[in-house]
Structures are given as structure tokens and as C-alpha cells.
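Taking it in order: structure first as C-alpha cells, then the write-up.
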Amino acid sequence: MIACVKKYLARDIAKERIHLLIDHARREALYDEMLANDQARLARKIAMRMRLRLPYEIRQLFCKGCKQFILPGISSRVRTGRSRLKAIRITCLKCGHVYHKVITN
Ligand SMILES: [Zn+2]
């Protein structure tokens, strides 16, 4: 019972720290890419350790190929598709991996 409560508390703290780290990494990415990368990696590590699923806004900041922290306009390119299928392409400028996200509405 106590262990259960502890787990919830730990998860709340983890979530808070992940958001803090990502927020800071986003701001820092312009000035110090290494630091931003380290912070983002730490946030991802915490999420994996606590088995948390990150929200989409945060998940799309990590390359599916090289797992690095990528920011639109800095280290990733975001383009809309030209075909009838509504999709966006997120290209990692570090490894060239392209991630397609189909938009349904
Ligand atoms: Zn990549």
C-alpha cells in the first residue's frame, strides 16, 4: 500500500522534472546545444525509468532514428506532404531520418 503511494508520488515528481528539463532544453538549444542534448537525454531516461509515456509534443522532439533531441527550425525540418494524404514530415538534420505523421481529422 505504502509502496503504491510512493510510486505515484515518484511519478509525479518525475513528470515535473521531465517538463522542467524539456522546457529548459528548448530554451537552451539556441545557445548551448550540448547542454540541451544532455538535459533532453536525462528527461528521456527518467521517463523510461519511471515507465512514463511522454506526451506527443515532447515525443516529437526526439528523433526516432538516432534518439537525439531535435528542435524544429534548429535540428529538424518540418514539412507538410504534397500528396493527397495529409501528413507532415519531420526530418532529423543530424542523421537524416524522416518521420511521417499522418494527420487525421
Ligand atoms: Zn536523427
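Read the figures in this text as sums done on the coordinates, not as results from a lab. The structure presented is a predicted model; accordingly, all values stated were derived computationally and were not measured. Every residue, glycine as well, gets a Cβ built from its backbone with ideal geometry; the counts of neighbours run over all protein chains shown.
The table below gives the values:
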| quantity | calculated |
| --- | --- |
| C-alpha long axis of helix 33-49 to longest principal axis of the chain, angle in ° | 60 degrees |
| Exceeding the 19 Å Cα-Cα cut-off - candidates Lys15/Lys94; Lys15/Lys45; Lys7/Lys45; Lys7/Lys67 | Lys15/Lys94; Lys7/Lys67 |
| Full-extension gain in nm, Arg51 to Tyr8, via 0.36 nm per residue minus C-alpha separation | 14.3 nm |
| Helix 2-28 axis, angle to the chain major axis (alpha carbon atoms, nearest 10°) | 40 degrees |
| Amide proton proximity set for Gln68, modelled H, under 5 Å, gap of 5+ | Cys63 |
| Antiparallel DSSP beta bridges within region 61-104, as percent of all bridges there, nearest 5 | 90 percent |
| Loop-located chymotrypsin sites (Phe, Trp or Tyr not before Pro) in region 1-87 whose Cβ has at most 16 other Cβ within 10 Å (DSSP) | Tyr31 |
| Potential lengthening between Lys94 and Met34 on full extension [0.36 nm per residue; Cα-Cα distance subtracted] | 20.3 nm |
| Total charge dipole magnitude, the chain, about the Cα centre, Cβ charges on Lys, Arg, Asp, Glu only, Debye to nearest 20 | 640 debye |
| Computed over the chain: relative contact order in percent, which uses C-alpha pairs under 8 Å that are six or more apart | 16 percent |
| Rg to Rh, two decimals, where the chain supplies the alpha carbon set and Rh follows Kirkwood | 1.06 |
